[in-house]
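Single-structure report; data block below.
The values are calculated or read from the model by the stated rules, or taken from the named source; none is laboratory data. Keep in mind that what you see is a predicted model, and the values were worked out from it rather than measured. Using ideal geometry, Cβ is built from the backbone for each residue, glycine included, and neighbour counts are taken over all protein chains shown.
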Amino acid sequence: MEDQNISSIELLHNIKIVLVGTTHPGNIGASARAMKNMGLSNLILVEPKDFPNDQAIFRSKAAKDVVENATVFSSVEEAVSECDLVIGTSARERTVPWPIVNPREASIEVAKSLPNQKIAIVFGREDRGLTNEELGLCNLHVHIPSDPNYSSLNLSQAVQIIAYEIRLSVLGREEHEDSWDVEFANNEQTERLIDHMDEIMQAVDFYDVENPRKLLVRVRRFFKRSRIDVMEANIFRGLFSAIQKKIK
């Protein structure tokens, strides 16, 4: 049992915590501290407003190494392109509903996806969260059910809550293990599939390009929710290529 736990603890380091557009460097440091408390160390920053900064190091306390080893990207799409499971934090209802879970349910999905899948948990800007386009890159949305009279959480508090739930589920992941015969398509592969389908729909005048309404959002939601595997993605891509040949 001890060896099993050591293996599980090591898996925590493979989970990316992605902070998007963080305004205050102190929040980066505090989030790094929350991560290290729960055994997470893979910090990703997307367009931070002020980084590197001594305040991030100061607020991180003993998690200085997490801050210093953080990787910076210019977009969420780039940061999660190789990930198989992407979970985005969301504090409000969307025009087109997306699969939404609470932190415990999200952590179970994370535990089921280890050790073979790359995982990212994406946290939005302090003042306005993630954009609809960024949330569209996610398979699931996670919502922390706080008191409606004062629902605002500090970024590091949100990281702490979700990191805690992930730690519990990953350490006990044998209860949630699931198997699949083929690797899941990662985010980049799924996005290419969606783009290919969009090309086909435009080629056959399936929708008005000037007024697509919510069609593409719903197509993206379908594929993200389904979490298709590589073979399924290739089947769709092959079908789309055959259609393109026929209509030329």
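Being basic (Lys, Arg), farther than 21 Å from GLU191 by Cβ and in contact (Cβ under 8 Å) with a residue 12 or more places away in the chain narrows it down to one of LYS49, LYS118, so name that one. If you could, list the steps in order and put the result at the bottom.
Values: LYS118 fails: farther than 21 Å from GLU191 by Cβ.
Of LYS49, LYS118, the one residue that is basic (Lys, Arg), farther than 21 Å from GLU191 by Cβ and in contact (Cβ under 8 Å) with a residue 12 or more places away in the chain is LYS49.
Would segment 53-63 turn up any residue that is assigned by TED's automatic domain parsing to the domain that holds GLN157, farther than 28 Å from SER169 by Cα and not in a helix (DSSP H, G or I)?
Applying the first criterion (assigned by TED's automatic domain parsing to the domain that holds GLN157) to segment 53-63 yields 53-63.
Those still in the list that are farther than 28 Å from SER169 by Cα too: 53-58.
Within this subset, residues satisfying the condition of being not in a helix (DSSP H, G or I) are 53.
Scanning segment 53-63, I find at least one residue that is assigned by TED's automatic domain parsing to the domain that holds GLN157, farther than 28 Å from SER169 by Cα and not in a helix (DSSP H, G or I), so the answer is yes.
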Of the residues ALA163, ALA158, which single one is of a type in the set (A, V, I, L, M, F, W, C), crowded, with 19+ Cβ neighbours inside 10 Å and out of contact with any helix residue (DSSP H, G or I) (no Cβ under 8 Å at 6 or more places or on another chain)?
-> ALA158
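For segment 124-142, how many residues are crowded, with 16+ Cβ neighbours inside 10 Å and either in a loop (DSSP other than H, G, I, E, B) or at positive phi (or both)? Quick ask: steps written out before the conclusion?
Going residue by residue through segment 124-142, those that are crowded, with 16+ Cβ neighbours inside 10 Å are 124-126, 129-130, 134-142.
Narrowing the set further to residues that are either in a loop (DSSP other than H, G, I, E, B) or at positive phi (or both) leaves 124, 126, 129-130, 136-139.
Matching residues across segment 124-142 total 8.
If the requirement is being more than 17 Å from the chain's Cα centre (by Cα), modelled with pLDDT under 90, part of a helix (DSSP H, G or I) and not assigned by TED's automatic domain parsing to the domain that holds SER75, which of these qualifies: LEU193, LEU216? First the steps, then the outcome.
Values: LEU193 fails: modelled with pLDDT under 90.
Answer to the selection: LEU216.
Which of the following residues is within 28 Å of GLY136 (Cα to Cα), touching a Pro at 6+ places or on another chain (Cβ under 8 Å), assigned by TED's automatic domain parsing to the domain that holds GLN117 and not hydrophobic (A, V, I, L, M, F, W, C): THR22, THR71? First the steps, then the outcome.
Details: THR71 fails: touching a Pro at 6+ places or on another chain (Cβ under 8 Å).
When all the criteria are applied, what remains is THR22.
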Residues being part of a helix (DSSP H, G or I), among the aliphatic types (A, V, I, L, M) and surrounded by fewer than 18 Cβ atoms within 10 Å (Cβ to Cβ) - total across segment 196-213 | 3
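Please pick out the residue among SER74, SER81, SER90 that is surrounded by 14 or more Cβ atoms within 10 Å (Cβ to Cβ) and modelled with pLDDT of 95 or more.
SER81 is the lone residue from the list that is surrounded by 14 or more Cβ atoms within 10 Å (Cβ to Cβ) and modelled with pLDDT of 95 or more.
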